[in-house]
Amino acid sequence: MSERTSTEIDWDGLLEEWDDEVERISSAESRFERAWFFIKDLSSHRLSIIGGVLLLGVAVIAIFAPQIAPYSPTAISATAVRAPPSIAHPMGTDSLGRDILSRVIFGTRIALMIAITSMGIAFVVGSLLGALAGYYGGWVDAIVRTAIDTTWAFPAIIMGLALASILEPDLTTVLIAIGLVFWGVFARLVRGEVLSLRELDFIKASEAIGLSDTKIIFKHLIPNAIIPAFVVVTLQMGNAIAVAASLSFLGLGVQPPTPSWGIMLSTGRQYITSAWWISVFPGLAIVLVIMSFNFLGEGLRDTIDPKLEDKR
Amino acid sequence: MTQPLLEIDDLHTNFDTNSGTVNALRGVNLTINEGERVGLVGESGSGKSVTAQSILRLVDSPGRIADGSITLNGRDLLSLSESGMQNVRGRDITMIFQDPSTSLDPVYSIRSQMIETIGHNRNMSDAEAESVAIEYLERVDMPNPERILDSYPHELSGGMKQRVSIAMALGFDPDLIIADEPTTALDVTVQKKVMEIFKDIVEEEDLSVLWITHNLGVVAEFCDKIAVIYAGEVVEYGSVYDIFDRPAHPYTRELLQTIPNIERADEELRVIEGTVPNMRDPPSGCAFHPRCPDAEPRCETTRPDRVDGREHQASCLVHDAEDQ
């Protein structure tokens, strides 16, 4: 019994220690420092650096395409038809004598535009429907889930083909088709996040203090659920470019003479034995961009995912 | 002072599941007077949290309030429209949650969360809401309110987050605060400090609180009245002194026996035999009879009168609160 009294808790000492702890935590690093740590974390991921730098390069090329390209992407030439790579035409020319390098350079514009816009559509539509489904449950959830399952029942390319062949084949069609193919990815992701967030006290607290549903969904659920969706956007951009290129390849996307990599691949395939450069260079461009998006996406995922944070 | 603030009368809340209806609350009666601190004590699954959710009309699906009435300041909460109820939440009744690590939104600074919620509930401008926020952060003994306002939840410790939650709830200036075990997720030392801070403010401002817990020690220190809940019914109600000194219901007595006592350190810890009944199929008669040491044959068939939640009463056929 006497032993017990000697181990009596020293409340005041503990409380003092606790206040020191409070001081220490509240003087934690500023937001600027945190942003810096994030960039440092991301840059320790070598693949994401490669991806990021390549994409930056691609973006610069897309923006300054008219200044960089040695020729107009649509200028034809009767003297240099299917000319092999040379000093004048580093990637050769196609069957109309157009400079492949210039067309590949201008192609970055179409590719990036399709990737960003269609992913934007998919992201907005998907996140919104996913959040509604997750928050309200019941019949709203049933409808959204059925819609997701239906779109997922078809391979992305078949889905895109079907949509593109119903609508007029042009750029808008491609954007809508790809948006509709990929919205389910985001809807599913955000729905799952919202389902787990809904059980947390701060969402219950938002309800308990009388915030409206709209405020809860837009101010508290979506901002919290969106971060993993950002990673997926990056990873899916590559897929969007692939689907867009496939649609163009099959003649259902962007129409000639627009310099789209998919079209270039498609027109080059009949000369593959005699003039390999017509399809190989646009093909390489597609591979490079998709790869860069995937590298960057993986880097982002590893940096943001809190489950991996402890291991570092 | 003795004006009834919240009156719960014969409240039934059911959960319709695929395998049958679960009667989570089976006629809860409880009155909270203005300026009173009432402790709602029970085991897990006894219906304490469902009671809180029912008061705010936020029972998780598939639950629904099947019967009874809840009156706040003479207003029937169950007949209000959903938007009317949204005005009651936060403004009239506010809630402090159990787990401080999840009760604040991680993507916003404390400043924007406090300003948003206080401004919303009290129709205040951002500047006014901010001064209220600072005032209450000081009241909960936060060392540097300005810096706390600029931080994000992950920069604060559990005790600090819980004090922010308390400051936020107090900032709404509610009539009633429902506290759902707000200290259980904290370390014991922090628990003590948070309790002391909260108790001081509640006493200074004469606030009404419904404190939900399974910890009788906490209740003894904090509350005026205690309602012991078992299997969706209040089985005993009374002042702290009634419950601790003159417990009438066998369940209350057993519950008091389970509190570890440093004076009786050599004894084994006491447990109440058996488990909380399955509420899909509650026992007949008195719900506690299968675990009751004093059970008589009539307990199996006759349901004891329920307590009305106004003075010391026990819902028991064998023992009467007045005889104690």
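The values are calculated or read from the model by the stated rules, or taken from the named source; none is laboratory data. Please read these numbers as outputs of a predicted model, since none were measured by experiment. Note: ideal-geometry Cβ built from the backbone for every residue, glycine included; neighbour counts use all protein chains shown. The protein model used for the area step is the full one, side chains on, heavy atoms only, and it has no ligands, DNA or RNA in it. Shrake-Rupley method; radii C 1.70, N 1.55, O 1.52, S 1.80 Å.
The table below gives the values:
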{"read-out": "Options A:Leu128, A:Leu96, A:Leu56; residue that is more than 22 Å from A:Leu171 (Cβ to Cβ), more than 15 Å from the chain's Cα centre (by Cα) and open to solvent by 20 Å² or more (accessible area, probe 1.4 Å)", "value": "A:Leu128"}
{"read-out": "Filter result for B:Glu205 (acidic (Asp, Glu), more than 18 Å from the chain's Cα centre (by Cα), more than 30 Å from B:Pro304 (Cα to Cα) and at pLDDT below 90)", "value": "yes"}
{"read-out": "Strands (runs of 3 or more DSSP E) contained entirely in segment B:196-290, each with at least 1 residues that are exposed (fewer than 15 other Cβ atoms within 10 Å of the Cβ)", "value": "none"}
{"read-out": "Hits in segment B:91-123 (condition: closer than 27 Å to B:Val50 by Cβ, part of a loop (DSSP other than H, G, I, E, B) and either more than 7 Å from chain A (Cβ to nearest Cβ) or open to solvent by 10 Å² or more (accessible area, probe 1.4 Å) (or both))", "value": "B:Asp92, B:Phe97, B:Gln98, B:Asp99, B:Pro100, B:Ser101, B:Thr102, B:Ser103"}
{"read-out": "Breaking point among (1) part of a helix (DSSP H, G or I); (2) touching a residue at least 24 places away in the same chain (Cβ under 8 Å); (3) not charged (D, E, K, R), for B:Thr189", "value": "(2)"}
{"read-out": "From A:Gly192, A:Gly184, A:Gly210, residue being of a type outside the set (A, V, I, L, M, F, W, C), closer than 17 Å to A:Met237 by Cα and either modelled with pLDDT of 85 or more or touching a Gly at 6+ places or on another chain (Cβ under 7 Å) (or both)", "value": "A:Gly184"}
{"read-out": "Evaluation of B:Glu128 against (1) more than 13 Å from every other protein chain (Cβ to nearest Cβ); (2) outside any helix (DSSP H, G or I) (one fails), failing number", "value": "(2)"}
{"read-out": "Residue within segment B:34-44 that is buried (at least 19 other Cβ atoms within 10 Å of the Cβ), within 14 Å of chain A (Cβ to nearest Cβ) and outside any loop (DSSP other than H, G, I, E, B) present", "value": "no"}
{"read-out": "Residue in segment B:199-210 that is more than 14 Å from chain A (Cβ to nearest Cβ), of a type in the set (Lys, Arg) and either over 29 Å from B:Cys316 (Cα atoms) or touching a Leu at 6+ places or on another chain (Cβ under 7 Å) (or both) present", "value": "yes"}
{"read-out": "Checking B:Asn144 against (1) open to solvent by 30 Å² or more (accessible area, probe 1.4 Å); (2) in contact (Cβ under 8 Å) with a residue 12 or more places away in the chain; (3) within 8 Å of another protein chain (Cβ to nearest Cβ), the condition it does not meet", "value": "(2)"}
{"read-out": "A:Ile227, sole failed condition from (1) farther than 25 Å from A:Leu55 by Cβ; (2) within 14 Å of another protein chain (Cβ to nearest Cβ)", "value": "(1)"}
{"read-out": "Evaluation of A:Ile222 against (1) under 30 Å from A:Leu252 (Cα atoms); (2) modelled with pLDDT of 85 or more; (3) open to solvent by 10 Å² or more (accessible area, probe 1.4 Å) (one fails), failing number", "value": "(1)"}
{"read-out": "Matching entry among B:Ala179, B:Ala169 (being crowded, with 22+ Cβ neighbours inside 10 Å and either more than 11 Å from every other protein chain (Cβ to nearest Cβ) or not in a helix (DSSP H, G or I) (or both))", "value": "B:Ala179"}
{"read-out": "Criterion: among the aliphatic types (A, V, I, L, M), assigned to a helix (DSSP H, G or I) and within 15 Å of A:Gly210 (Cβ to Cβ) - qualifying residue of B:Val88, B:Val164", "value": "B:Val88"}
